[in-house]
Amino acid sequence: MKSDQIKPASRFFQGEKSILITGATGLIGSHIAGYLLKKGHRIVVLIRSKGNLNAVQRFQSLCDFLEISRGLLSNLTIVEGALDKYSFGLSTSTYEKLCDQIDCIIHCAGNTTFSAKQRAESERDNITGLNNVLEFGRHSRCSWFHLMSTVYTAGKKTGMCDEKLDEPGLFTNVYEETKYRGEQKTLDFCRKNGIGFTILRPSIVVGDSHDGRTFRFNGLYYPLKALFLIRNMFRQDLISGDGKRAKRMSISYKNGKIHIPLRLEFNPVEGINLVPIDFVVKAVCSIIQTPQNGGIFHIASKTNVTIAELIEFTHNFFDITGLSTVSTGFFSTYNKTPLECLFDGYIEPYLPYMKDKRSFSTKNTDKVLSLIGITCPVFDYDLFSRCMNYALDNKWGKELQVC
Ligand SMILES: NC(=O)c1ccc[n+]([C@@H]2O[C@H](COP(=O)([O-])OP(=O)(O)OC[C@H]3O[C@@H](n4cnc5c(N)ncnc54)[C@H](OP(=O)(O)O)[C@@H]3O)[C@@H](O)[C@H]2O)c1
């Protein structure tokens, strides 16, 4: 098929065929699946089995969380398969039947580990998995392929990052590198095979802007959870124990607040780019409704939340004091306390994303969203509180029956 023969997406959105969503047990894929089902679209989700749960059981466990009613399930097909296997490990007849059904793919599956030790798994999920989905796109003569990528394919680039595919630069970790290679592969493959494509690049996703709902507590949540656990552990020691352990860490109880002396080597204007999941879903679904072939879209906030703001939010919300910033290089002269060593160990993989001086151009996304009057919610103290209240109410995900 030649690229000038790519079918307009509206044909698909009239419901003739189905949308294939990968990564539908993940945060972004599941929310997109739920949203499209509620809008009346027919979708197919490709899910692998895990532990002793099959694909159907896994997606069913998400339906309550996503508030997908029984009535909507007639538009849903669940296929059990693994992306890293050629033809997803399906029998020839099942694969061919699936090829016949699908006209559009939203590829949300991916491996989000930053660890170099897990390079093989990252490559399996972000490269081999993607290749197999692209091959499926070719076999199914699918019209549109939408790749869920990340703004962080920019790697170590500084300043303003544009919505375009840059030359490969330096990357912070295996995640950024494999996601960048995935974008390049998608562009080459889709152009060669006449498949329309878009590249969707969210920044760091947090809970719903209205009520903080989420079932993933990584990214922003991880360092805050560490701080919350440190606070609780030493509060217990100070209030109902002998306080010796707290004293060893210089943690004290002052004016009803726990004082945790933690110096963070940050420039206070450095920050983190956060987007609520409901905004990501609406942005993605608007972009793919009238897609622009080859379009790259940053789904990011116009402003980073600065580390100074995050410290203020954290002090207020968790009733603590003592967090402060020190200038870069401070710890090459002064030693870290044991508490600082412990906390830095927790946040180390996230530091490049918390110390961001980059900004992400959202011109392409704005053009689409301005037509429907949607803007990215500002991550202020109210939104921070909603996210943290939800995290605490659900014990950072332990209370949620989602698998
Ligand atoms: N969350 C964020 O803050 C964020 C920000 C920017 C970009 N992104 C991108 O968005 C995408 C989705 O992120 P997410 O937060 O939704 O991730 P997530 O919650 O970790 O979900 C990842 C999904 O990918 C699936 N998957 C991975 N490898 C697979 C394989 N070999 N076979 C079948 N399924 C496989 C997982 O299935 P299982 O449940 O079976 O493991 C899961 O459904 C990723 O590509 C990520 O790069 C995420």
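From the Cα gyration tensor of segment 198-330, with a ≥ b ≥ c the square roots of its eigenvalues, which class applies: rounded if a/c is under 1.5, or else prolate if a/b is larger than b/c, or else oblate? The shape class here is prolate. Report the residue, chosen from Tyr152, Tyr253, Tyr175, that carries the largest GNM mean-square fluctuation when the chain is represented by alpha-carbon nodes joined by springs under 10 Å. In the Gaussian network model the winner is Tyr253. As a calculated quantity, the FRET efficiency between Phe330 and Asn293 at R0 = 51 Å, using C-beta atoms, amounts to about 0.55.
Quick one, could you list the DSSP H helices from the chain stretching 20 Å or more along their long axis (Cα atoms) with average Kyte-Doolittle hydropathy of -0.5 or above? Helix filter hits for the chain: 221-239.
Karplus-based coupling profile of segment 251-264, in residue order and whole Hz: 8, 9, 10, 10, 6, x, 10, 7, 9, 10, x, 10, 9, 10, with θ = phi - 60° in 6.51 cos²θ - 1.76 cosθ + 1.60 and x standing for Gly or Pro. If the chain linking His139 and Asp188 were pulled fully straight, counting 0.36 nm for each residue of separation and taking away their Cα-Cα distance, it would gain 16.0 nm.
For trypsin sites (Lys or Arg not before Pro), the sites in segment 362-403 that DSSP calls loop and that have at most 11 other Cβ atoms within 10 Å are Lys398. I need the shape label for segment 120-198. Rule: rounded when a/c is under 1.5, else prolate if a/b > b/c, else oblate, with a, b, c from the alpha carbon gyration tensor. Oblate shape, in that a/c is at least 1.5 and b/c is the bigger or equal ratio. In the chain, helices alone account for a calculated mean residue ellipticity at 222 nm of -12000 deg cm²/dmol, with every DSSP H run of four or more residues adding -39,500 (n - 2.57).
Of Gln236, Gln184, Gln118, the residue with the greatest mean-square motion in the GNM of the chain, using alpha carbon springs below 10 Å, is Gln236. Distances between placed amide hydrogens fall under 5 Å for Val275 paired with Ile204, Val205, Val206, all partners being 5 or more residues away or on another chain.
Under 5 Å from the amide H of Asp103 lie the amide H atoms of Ser18, Leu20, each residue being 5 or more positions distant or on a separate chain, with H modelled from the backbone and absent for Pro and chain starts. Between the C-alpha center of segment 207-222 and that of segment 325-379 there is a gap of 16 Å. Near Phe266, the amide H atoms lying under 5 Å from its own belong to Val326; only residues 5 or more places off or on other chains count, and H is placed 1.01 Å from N. In the chain, Cα pairs under 8 Å separated by at least six residues give a relative contact order of 18 percent.
When the pairs Lys157/Lys179; Lys282/Lys367; Lys39/Lys302; Lys179/Lys302; Lys157/Lys302; Lys50/Lys398 are compared against a 20 Å limit on Cα-Cα distance, Lys39/Lys302; Lys179/Lys302 fall above it. Note on Arg248 and Val378: the model spin-label points, each 7 Å out from Cα along the C-beta direction, lie 4.5 nm apart. Please label the shape of the chain as rounded, prolate or oblate, based on the square roots a ≥ b ≥ c of the eigenvalues of the alpha-carbon gyration tensor (a/c under 1.5 means rounded; beyond that, a/b larger than b/c means prolate, else oblate). Prolate, since a/c reaches 1.5 and a/b exceeds b/c.
Computed from the coordinates by the stated procedures, all read-outs in this text should not be read as laboratory data. Since this is a predicted model, take the numbers as computed values, not measurements. Positions of Cβ are backbone-derived with ideal geometry, glycine not excepted, and every protein chain shown enters the neighbour counts.
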